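Here's the structure we're looking at; comments come further down.
The values are calculated or read from the model by the stated rules, or taken from the named source; none is laboratory data. These numbers come from a predicted model, not from an experiment. Note that each Cβ is placed from the backbone with ideal geometry, even for glycine, and that neighbours are counted across all protein chains shown. Surface accessibility is based on the protein's heavy atoms, side chains included, excluding ligands, DNA and RNA. Shrake-Rupley method; radii C 1.70, N 1.55, O 1.52, S 1.80 Å.
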Amino acid sequence: DTSHARVQARMSEADVLMREGEKCTKTTMFRWKPDWEGASMLFERAGNLYKQSQAHAAAARAFAQAADAHVRFGLSLSGARCYDTAATEANLAKSPHESIHYLELAATSYFENADIESGAGLLERAAKVAEETGNVEKAAAIYKRSLTVGEADDKNGHTLITYKLATGCALRTGRIQDAVELLRAQIAAGYRLHRSGDADKACLSIICLLLYQHDFVAADRLFQGYVTCAPTHSTPTKLRSYKLTRKQ
């Protein structure tokens, strides 16, 4: 059939491009250093052909090699774009571990170019994939990395989104104490970024978790201390409207 023949032709062309790309990564008697620019273009063309043919595993490998060549040539943002595409193809190929690896590499390239928000977004995707596959420890480690990098240069409040995602992950897996610690850090981040509303909500969330654990004394202590010591630029009216009693 014609469509099958077209797919086979694309696959064959992609295979040839991959071999040519591999040659560019080698030195020869007449070429003393690899041609990373040429390799990146050939690998990327092959990746697009594999992608069109829905050969997702092959496409992921091709885009990953294109990304590596871009980075070696000094175009790390182009490398990040290809790693991102490789991650998508790996996910379609049911290879979540590869997808996570490529997303982390893409994030690294964005961080190196001071694009913190794009890098953090990719790490959040990686953490979600890790959580979906049951690798909670990996998801927590990825969120931690995103927060560590993000807090160093967060001007738009993206860190608060990451805190919320990390907290949700902790709660879904029953790690209440981890969730409480993340929420405490979120309070500090909220005030640092002049987002007192987010800080108030994080405090309320901690109080709810303490009540869930029947720790009424700690919940009341946090409530009273927060209302008393909250920064003067905040008026935590929502917090003041809650009366914490054992009946709750």
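Scan segment 70-95 residue by residue and report those that are more than 18 Å from residue 48 (Cβ to Cβ) and out of contact with any Asp or Glu (no Cβ under 7 Å at 6 or more places or on another chain).
Start the filter on segment 70-95 by keeping residues that are more than 18 Å from residue 48 (Cβ to Cβ), which leaves 71-74, 76-77, 94-95.
The answer is 71, 72, 74, 77, 94, 95.
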### Residue pairs meeting the criteria (Cβ under 8 Å; at least 6 apart or on separate chains; first more than 14 Å from residue 69 (Cβ to Cβ), in segment 81-99; second surrounded by 23 or more Cβ atoms within 10 Å (Cβ to Cβ) and polar (S, T, N, Q))
87/99; 88/99; 90/99; 91/99
### Query
Taking the stated definitions as given, is residue 127 more than 15 Å from the chain's Cα centre (by Cα) and assigned to a helix (DSSP H, G or I)?
no
### Query
Does segment 216-239 include one or more residues that are open to solvent by 20 Å² or more (accessible area, probe 1.4 Å), modelled with pLDDT of 85 or more and part of a loop (DSSP other than H, G, I, E, B)?
no
### Task
Kindly provide the set of residues from segment 22-33 that are open to solvent by less than 80 Å² (accessible area, probe 1.4 Å) and at pLDDT 95 or above, ordered by number.
22, 24, 25
### Query
Name the pairs whose Cβ atoms lie under 9 Å apart, with the first residue in segment 31-42 and within 11 Å of residue 66 (Cβ to Cβ), the second open to solvent by less than 60 Å² (accessible area, probe 1.4 Å) and charged (D, E, K, R), and 6 or more positions between them or separate chains?
36/68; 39/68; 40/68
### Task
Check 139, 127, 179 and return the single one that is open to solvent by less than 40 Å² (accessible area, probe 1.4 Å), closer than 30 Å to residue 215 by Cβ and in contact with a Cys (Cβ under 6 Å, 6 or more places away or on another chain).
139
#### Entry: Cβ pairs under 9 Å, 6+ apart, first in segment 169-197 and outside any helix (DSSP H, G or I), second of a type in the set (Ser, Thr, Tyr)
193/159
### Query
Out of all the residues in segment 150-157, is one or more within 10 Å of the chain's Cα centre (by Cα), modelled with pLDDT under 95 and buried (at least 19 other Cβ atoms within 10 Å of the Cβ)?
no
### Qualifying residue in segment 84-91 (condition: open to solvent by 50 Å² or more (accessible area, probe 1.4 Å), touching a Lys or Arg at 6+ places or on another chain (Cβ under 8 Å) and at pLDDT 95 or above)
no
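Collect the residues in segment 35-69 that are among the small types (Gly, Ala, Ser) and either open to solvent by 70 Å² or more (accessible area, probe 1.4 Å) or outside any helix (DSSP H, G or I) (or both), keeping them in residue-number order. Talk me through it step by step, then tell me what you get.
Filtering segment 35-69 for residues among the small types (Gly, Ala, Ser) gives 38-40, 46-47, 53, 55, 57-60, 62, 64, 66-67, 69.
53, 55 - these are the residues of segment 35-69 that are among the small types (Gly, Ala, Ser) and either open to solvent by 70 Å² or more (accessible area, probe 1.4 Å) or outside any helix (DSSP H, G or I) (or both).
Considering each of 19, 72 in turn, give the residue that is open to solvent by 70 Å² or more (accessible area, probe 1.4 Å), part of a helix (DSSP H, G or I) and within 26 Å of residue 109 (Cβ to Cβ).
Numbers: 19 fails: within 26 Å of residue 109 (Cβ to Cβ).
The match here is 72.
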